[in-house]
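The values are calculated or read from the model by the stated rules, or taken from the named source; none is laboratory data. Computed from a predicted model, the values in this text were never measured in an experiment. Neighbour counts run over all protein chains shown; Cβ positions are idealised from the backbone, glycine included.
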Amino acid sequence: MTLWDGVLPFYPQPRHAAGLSVPLLIVILVFLVLAASFLLILPGIRGHSRWFWLVRVLLSLFIGAEIVAAHFSAEWSVGSVSTKTSYKAFSVERVRAHVGLHVGLEGVNITLTGTPVQQLNETIDYNEQFIWRVGQNYAGAYAEALEKGLPYPVLYLAEKFTPSSPCGVYYQYRLAGHYASATLWVAFCFWLLSNMLLSMPVPHYGGLALLITGAFALFSVFAFASISSMEMGRPGSEALTAPFTHPQPRPDCAVAGVLCLLLGAAVLSLHYARPSALRLFLEGSVKDLESPTKGSSPLILSNPLHKQFRASDLTISTNL
């Protein structure tokens, strides 16, 4: 099915841009709640171990949040252009609009915003999503968009990613998205494992888990960035080029991966060079939680019945 087949003269009310997706908002909310909960109990930690736990917990939450949020982000690659384009198929009426293309691991998101928004007695503010994850039919979603009669720039860009498009980009991005998604979930599992191992007296395996976490996080970025840059065509008077060789907000995911590699290398280096110092560093913070602070009086529990039983009272004599 091409762009011009099955276009009906019906134009639905536009859907306004929703910003962050619902799964991404849930992920951000969960990690914010975890961070806030830890900050609430932070004053109960005494001594110098308070700063140790502050850095350790917040750094770990940052890494985990970046790994999960990257999976649900729709901005692994972004392209946009402000152009004068046709608003409806088979119409000579043109509008000035900002066209945006957001490519994620599970599909594409196309935005169309008029400049100004009110043109041709209509509100031009569209945000349409086309999913290619397992179990979803991208071609079917595109056919539904044709039946709805969505604006021409949205259909033009959505057609580029259909399986039957001569551009041949559907299978590239779909395969790259699946590999990147799988490696991110593996990185998240090893992140959980590293936290458990570092809390146990096995820092060696905790460091290895951190190295594996960083390796898989970086591999997900490289897997998607391996797709070459291409020009998506001309939805109007200007060309829309999506910078696929430069993952847009994913430097933060790369930073999390590099951070895991550095932390894992530091833990392993201390394990082989100075294992006693590493053990004292990890276990000492836990002991500080149990020991009283310097200068505080120890807590002594006395039993009034203790005085009734002395060593002399416990002597037993036997007369034969």
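Points to keep in mind about this one:
- Considering only residues in the range 152-182 that are hydroxyl-bearing (Ser, Thr, Tyr) and not in a loop (DSSP other than H, G, I, E, B), the one that is surrounded by the fewest Cβ atoms within 10 Å (Cβ to Cβ) turns out to be Tyr171.
- Top-ranked residue of the range 124-136 - restricted to ones that are of a type outside the set (Val, Ile, Thr) and over 13 Å from Tyr171 (Cα atoms), ranked as surrounded by the fewest Cβ atoms within 10 Å (Cβ to Cβ): Gly135
- Any chance Val134 is in contact with a strand residue (DSSP E or B) (Cβ under 8 Å, 6 or more places away or on another chain) and either under 30 Å from Gly214 (Cα atoms) or hydrophobic (A, V, I, L, M, F, W, C) (or both): no
- Qualifying residue in the range 166-173 (condition: modelled with pLDDT under 85, in contact with a Ser or Thr (Cβ under 8 Å, 6 or more places away or on another chain) and more than 30 Å from Ser86 (Cβ to Cβ)): no
- Counting only residues that are at pLDDT below 85 and over 25 Å from the mean Cα position of the chain (by Cα), the range 122-145 holds 2 of them.
Residue-wise test of (1) among the β-branched types (Val, Ile, Thr); (2) without any contact (Cβ under 8 Å) to a residue 24 or more places away in the chain.
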{"position": "Val68", "(1), (2)": "yes, no"}
{"position": "Val81", "(1), (2)": "yes, no"}
{"position": "Ala89", "(1), (2)": "no, no"}
{"position": "His98", "(1), (2)": "no, yes"}
{"position": "Thr113", "(1), (2)": "yes, no"}
{"position": "Ile124", "(1), (2)": "yes, no"}
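- Among the criteria (1) surrounded by fewer than 16 Cβ atoms within 10 Å (Cβ to Cβ); (2) modelled with pLDDT under 90, the one Trp185 does not fulfil is (2).
- Scanning the range 194-209 turns up no residue that is touching a Pro at 6+ places or on another chain (Cβ under 6 Å) and in a helix (DSSP H, G or I).
For (1) among the acidic types (Asp, Glu); (2) surrounded by 19 or more Cβ atoms within 10 Å (Cβ to Cβ); (3) under 19 Å from Ala158 (Cα atoms); (4) at pLDDT 85 or above, each residue gets a yes or a no:
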position: Ser73; (1), (2), (3), (4): no, yes, yes, no
position: Gly79; (1), (2), (3), (4): no, yes, yes, no
position: Ser86; (1), (2), (3), (4): no, no, yes, no
position: Gly107; (1), (2), (3), (4): no, yes, yes, yes
position: Leu120; (1), (2), (3), (4): no, no, no, no
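- Residue list for the range 42-51, filter: in a helix (DSSP H, G or I) and surrounded by 10 or more Cβ atoms within 10 Å (Cβ to Cβ): Leu42, Ser49, Arg50, Trp51
- Among the strands (runs of 3 or more DSSP E) confined to the range 67-125, there are none with at least 1 residues that are under 16 Å from Lys160 (Cα atoms) and aromatic (Phe, Trp, Tyr).
- Single condition Val117 does not satisfy, out of (1) free of Cβ contacts under 8 Å to residues at least 24 places away in the same chain; (2) in contact with an Asp or Glu (Cβ under 6 Å, 6 or more places away or on another chain); (3) within 27 Å of Val68 (Cβ to Cβ): (3)
- Close contacts from the range 33-52, counting a first residue that is more than 21 Å from Gly64 (Cβ to Cβ) and a second that is surrounded by 10 or more Cβ atoms within 10 Å (Cβ to Cβ) and of a type in the set (Gly, Ala, Ser), with Cβ to Cβ under 7 Å and a gap of 6+ residues or different chains, come to Ser49/Ser285.
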